[in-house]
Every structure is written in structure tokens, then in C-alpha cells.
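Read through the structure below, which is laid out as C-alpha cells, and then see the notes.
The values are calculated or read from the model by the stated rules, or taken from the named source; none is laboratory data. Remember, it's a predicted structure, so these values are computed and weren't measured experimentally. Don't worry about glycine lacking a Cβ; one is built from the backbone with ideal geometry, like all the others, and counts go over all protein chains shown. Remember, those area values only see protein heavy atoms, side chains included, never the ligands or the DNA or RNA. Shrake-Rupley method; radii C 1.70, N 1.55, O 1.52, S 1.80 Å.
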Amino acid sequence: MPLSDELRDLYQQVILDHSRNPRNHGEIPPPCLHAHGDNPSCGDEIDVWLRLSDDGQNIEDLKFTGQGCAISQASASMMTQKIKGKSKEQAAAMREDFRRVVMGDGTPQDEEALGELILLEGVQKFPQRVKCAMLAWRAVEQALDSGQG
Amino acid sequence: MDWHRIRSDFPIFDQQVHGHPLVYLDSAASSQKPRAVIQALSHYYERDNANVHRALHELSVRATDAFEAARKKVAGFIGAATDDEIIFTRGTTEGINLVANTWGTQNLRPGDVILITGMEHHSNLVPWQLLAQRTGATLKHIPVLDDGTLDSAAIETLLNDQVKLFAFVHISNSLGTINPARELCAKARAVGAVTLLDGAQSAGHMPIDVRELGCDFFVFSGHKMCGPTGIGVLYGRMKLLETMPPWHGGGEMILSVSLEASTYKPPPHRFEAGTPDIAGVIGLGAAIDYLQAIGLENIQRHDHNLSNYAVQQMREVPGIRILGPDFGHRGALVAFHLDCAHPHDLVEFANSHGVAMRGGHHCTQPLMKRFKVPGTTRASFYFYNTLEEINRLVEVLHAARQFFT
Ligand SMILES: Cc1ncc(COP(=O)(O)O)c(C=O)c1O
């Protein structure tokens, strides 16, 4: 059965591989930052656990658990690989770049930093899946915000 | 029956989706509309459009006649004793909320029980939660067994004389289960409970006779049975309707109004405040004419053939888990889970092949929890679907398995 180009772009092998074998999967024991994200309309769920460096500036460790579609889980898995070890500012800049990529909203500032996350640009053709791709990123933002207080 | 000719009554099927013929398997969410219904809507707007019940001019008389003629059709369609037992609503959801806010508020006291089942659509759950909070009544439910049927042993203990209202779904939109409505209504009557039957998935799919079913209230939506969106029906037994206070106040529902107080019309107009969805009502009437010309028994038989064939074929797909009851107790839908693909990925994959299905919790989150699935994919059928379309679905499922594994 022939597959459309859009579908092949959406579900590239790397993406399917991340969804089947998620990296950095699991929980980090406290003390750590934690946030739960979900898309109530479709039931996707992600929990992220995050440990910052002593000065509170860098993301030293990051893990996630969750259930949901291949896009939400692959995006989470790929994200953990890319933002682990980065500063909070770098992570925020990558989130904005990644949002641009999946929404087709301008070009990213630092494409190289995104690495294979660029592969999720196929989501552009499926606007209702943007929230799946962004779910883990929103959860990380929330976890970081919870650490501000 | 010439089902292929009947299918050609639906203009929407004359199109390709993503380069493939449209295979529409989401009728449980909303059905497609035959030309006769679409034409009834445009005829009304082009020839007869005016407000009802309020003026003496020609167009208003025509609109009012068509409106009230549709009420008569609905009464005949479900076997109501009189036309006045038919209240037009926006749909199933509004009908249930109307009962909860009128009969419910008037009759429930702390200690009373509202009984539902574990397979209710959120629209037959949340209004009762709200009512329980308001009145101090307790909400209980009958559990669902692994095979997707109701736990009959639990019914015997739960359906006791504390139960003031028993509200349950006739055909489950998530499992396909056809509940034994007549038997359940009889049991409820024996303990003095009032019954509300959610007919969203049964109306238009099988002959309905509310008096034979023995329910006190019956609710359904026009859009799931070839009618327009935005129109639905609440049937209530006149003995109950007469005693119920109004819900919405406004024009159309009053006898006389002073600045201090008002008196209200008898049912059904007491419950139809404001300008109704006149076109919707007329379109619903046209849908009923259309369905009755095909014959509800014929539709029921075709539904049955489609879902039996689908279950047989889909069972052969490796890694599939089909929810819901076996042959003979299942309405026109199959909900399932494929081990290799999340419902949204599967629905996306199918969509790219022109096959429209729905994935998710289907507004029955407690049921998803009960069956320990994050959601399911649902293929739902109506009389315009064909066995070839089910073959196409099965091909797509096999291809999806290869793709996602
Ligand atoms: C069993 C059942 N009850 C109630 C509803 C709600 O119907 P509506 O949204 O038309 O009010 C639906 C529709 O999905 C349904 O399937």
C-alpha cells in the first residue's frame, strides 16, 4: 500500500525508533523539579523530572515517562537528549526554535543545536499534531518555572 | 435492498480524500446527510423562512405547520403516545441536562440514589454529578464486565428502592454494547425508579418504541441519524412532563407575564423557550421520512451484517484487541486497540489512505480506565457503508501494522 510523502515525513524511522525505544526514560529521585503535562483532548501524558546544577543554571539531568502518540513520545525522547547539560537559557531558546520548526513559523535561530529534532518538521503539515510535539517541551518549561519560587 | 443506490443519495461520498475514495467510518460521531435532508433545509430557507408560532402571515403559517408536522413525525418515529411528549432540544446532551435541571432538581433529596452505568458518555454522567452536588443525592454506577456487558449481579443489588432515577445508554458509543433496555426499565419500574434512556446511538439504527421499551425519558440527537446538527429530541412521559417546572425562561414558553410573575404553557412548549432551530426541526423531519422509507428493520439488519463482518475480518489482524461484546449484542461499531500503534497515529495513518475513523477516549474516560487503555480507535458504520469499505479498513490496518512495528 503506497504511503503519502507527508506521512513518511511525519513518521520518519528515527522518530518511530525514539517512540519505540525512548531515551532517558524513567524518573529521577527527589530532590528534583517535576511537572506533569497532558493534552486533555487526546489523552497524551508526559511527566518530566529535572535536576539542576548547584548554581541553578544548568539542566544536569532530565528524564521523562509518559504515554501517548508516537509524535509526543518521540519529541520527548529527542528533547531529553538535546537539552541535557544545557543552561536554562539555552533550553528556552531551543524550545522557541523547535516551536518554529513544528509550526512552520519562520526559521530557527540555531538549527544546528536542534540536531535531529529538525526531523519533526513533518508536523508542519499536520497542525492538529503540533500540541503533541510541544507537550514535553511545555512540561519542561513548567518544571523550570516551578523552580523559580 | 439496493444499498449501493441508497449510498448515492449522499452527495458527500462523491469525493476523494488524500487521493483515495472517502471511506467514512465515523458515523457514531456524526452521520452523513442525504440529499433529501439538505434539500429540505434549503427549501425552508428559500421558500418558507419565518419565525414560528408568532405571526399570522403566510410564511409564518407555513413554517409553523412544517415545524409541528416534524414533531408529529418524531412522535411516530419513537412511538410516543402524543405529539406533546416531544420536546425539541439542541441534542442528547441538552435533553439530559433539561431532565437533570427540572425533574431532577424537583425530585431528588439527600439520601436518594441516581444510578447510571460504567459505560456512559460524559453527557450522561456529568449532568448527574452536578445534580448530585446540588441536591445531596448519591451517584452510583453499575460496573461493566470484561466482555463489555453490564454486571447483572450488581444490577440486582444496586437497583433498589433508594434509586430515584436510572439513566443508561441504549447502545454504547465506545463498546457497541446493546443494553437490554426493556428488561432494565421494567426492573427500574418495579422499584419505583424513573428511567432515562440515552438513545444517541440507537435512534436511526433500529426501530424504537418508547412505550414498548417502558422508559420515562428518551433522548437523542438528529445529527447521528442523517439529520442536521444542533437539533435533538427529549421524549418524556406526559405524566412526568406535566409536573416538571420550566428550565429556560423566555418567549414561547409562557401563557401570561406580568412584571412580578408568569404562568407557563403546558408541555412541550413549556420547555422550548425562545426561537427554536426551525430549519433543524424540519431537517430532522426529512431525515425521519428518509429513514422510514428505507425501513428501520432493514437498517438494523445491515448494521448487524457490517459489524459482524468487521469483527470477523479485524480479528485476523495480529496484535489487535477488540473491545465490547460478541456477535449479536453489538451495534454498528468496533472499538479496538493495536499493540503497535497509538490510536492517534493509527487514525492519522488511516486518514492518509482516505479512511476516516476516530481515536481517543470517545467521551468515556472512566471506561478507558476500566479497560486499562489510553484510548481506542473506533470504526463506526451506518447503512451507507459497504463490505468493500470494511475490506479497505482491514487492508489499512495490516499496512499500519507493518509501518509501525
Ligand atoms: C451515547 C452517546 N450519548 C450522548 C452523546 C452526546 O450527543 P450530542 O453531542 O449530540 O449531544 C453521544 C454523542 O457522541 C453519544 O454517543
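Per the conditions (1) away from chain A (no Cβ under 14 Å); (2) part of a loop (DSSP other than H, G, I, E, B); (3) open to solvent by 50 Å² or more (accessible area, probe 1.4 Å), the sole criterion not satisfied by residue B:372 is (1). Can you say whether residue B:286 is open to solvent by less than 20 Å² (accessible area, probe 1.4 Å), under 22 Å from residue B:339 (Cβ atoms) and small (Gly, Ala, Ser), as far as the supplied structure shows? Answer is no for this residue.
Of the residues screened, residue B:293 is one that is open to solvent by 10 Å² or more (accessible area, probe 1.4 Å), in a helix (DSSP H, G or I) and either within 16 Å of the ligand (Cβ to nearest atom) or farther than 22 Å from residue B:98 by Cα (or both). Just one of the listed residues (B:50, B:100, B:132) is within 16 Å of the ligand (Cβ to nearest atom) and free of Cβ contacts under 8 Å to residues at least 40 places away in the same chain, namely B:100.
For segment B:313-327, the criterion of being open to solvent by 50 Å² or more (accessible area, probe 1.4 Å) and within 12 Å of chain A (Cβ to nearest Cβ) is met by no residue.
Scanning segment B:336-350 for residues that are closer than 17 Å to residue A:8 by Cβ and within 8 Å of chain A (Cβ to nearest Cβ) yields B:341, B:345, B:348, B:349. For segment B:367-379, filtering for residues that are within 14 Å of the ligand (Cβ to nearest atom) and modelled with pLDDT under 90 leaves 0. Scanning segment B:164-193 for residues that are over 25 Å from residue B:106 (Cα atoms) and in contact (Cβ under 8 Å) with a residue 60 or more places away in the chain yields B:171, B:172, B:173, B:174, B:175, B:176, B:177, B:178, B:179.
Conditions tested, residue by residue: (1) open to solvent by less than 80 Å² (accessible area, probe 1.4 Å); (2) of a type in the set (S, T, N, Q).
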{"position": "B:4", "(1), (2)": "no, no"}
{"position": "B:13", "(1), (2)": "yes, no"}
{"position": "B:17", "(1), (2)": "yes, no"}
{"position": "B:25", "(1), (2)": "yes, no"}
{"position": "B:32", "(1), (2)": "yes, yes"}
{"position": "B:45", "(1), (2)": "no, no"}
{"position": "B:48", "(1), (2)": "yes, no"}
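With respect to residue B:282, is the statement that it is away from every other protein chain (no Cβ under 14 Å), touching a residue at least 40 places away in the same chain (Cβ under 8 Å) and β-branched (Val, Ile, Thr) true? Criteria met by residue B:282. Candidates are the residues of segment A:1-52 that are hydroxyl-bearing (Ser, Thr, Tyr) and surrounded by 13 or more Cβ atoms within 10 Å (Cβ to Cβ); the one that is nearest to the other protein chains (Cβ to nearest Cβ) is A:4. Considering only residues in segment B:63-97 that are within 16 Å of the ligand (Cβ to nearest atom) and part of a loop (DSSP other than H, G, I, E, B), the one that is farthest from the chain's Cα centre (by Cα) turns out to be B:90.
Just one of the listed residues (B:353, B:362) is modelled with pLDDT of 95 or more, assigned to a loop (DSSP other than H, G, I, E, B) and within 11 Å of chain A (Cβ to nearest Cβ), namely B:353.
For every residue, the table says whether it meets (1) of a type in the set (S, T, N, Q); (2) at pLDDT 95 or above; (3) open to solvent by less than 40 Å² (accessible area, probe 1.4 Å); (4) within 21 Å of residue B:206 (Cα to Cα).
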residue	(1), (2), (3), (4)
B:56	no, no, no, no
B:68	no, yes, no, no
B:74	no, yes, yes, yes
B:84	no, yes, no, no
B:90	no, yes, no, no
B:99	no, yes, yes, no
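Somewhere in segment B:16-36, is a residue more than 30 Å from residue B:360 (Cβ to Cβ) and part of a helix (DSSP H, G or I)? Yes; the residues of segment B:16-36 include at least one that is more than 30 Å from residue B:360 (Cβ to Cβ) and part of a helix (DSSP H, G or I). Of the helices (runs of 4 or more DSSP H) lying entirely inside segment A:58-138, those containing at least 3 residues that are open to solvent by 50 Å² or more (accessible area, probe 1.4 Å) and over 30 Å from residue B:359 (Cα atoms) are A:88-103.
When every residue of segment B:211-232 is checked against the conditions, at least one turns out to be under 16 Å from the mean Cα position of the chain (by Cα) and of a type in the set (Lys, Arg). Taking the criterion of being assigned to a helix (DSSP H, G or I), within 13 Å of the ligand (Cβ to nearest atom) and among the polar types (S, T, N, Q), the residues of segment B:103-129 that qualify are B:123, B:124.
Among the residues of segment B:379-403, those that are within 14 Å of chain A (Cβ to nearest Cβ) and open to solvent by less than 10 Å² (accessible area, probe 1.4 Å) comprise B:393, B:396, B:397, B:400.
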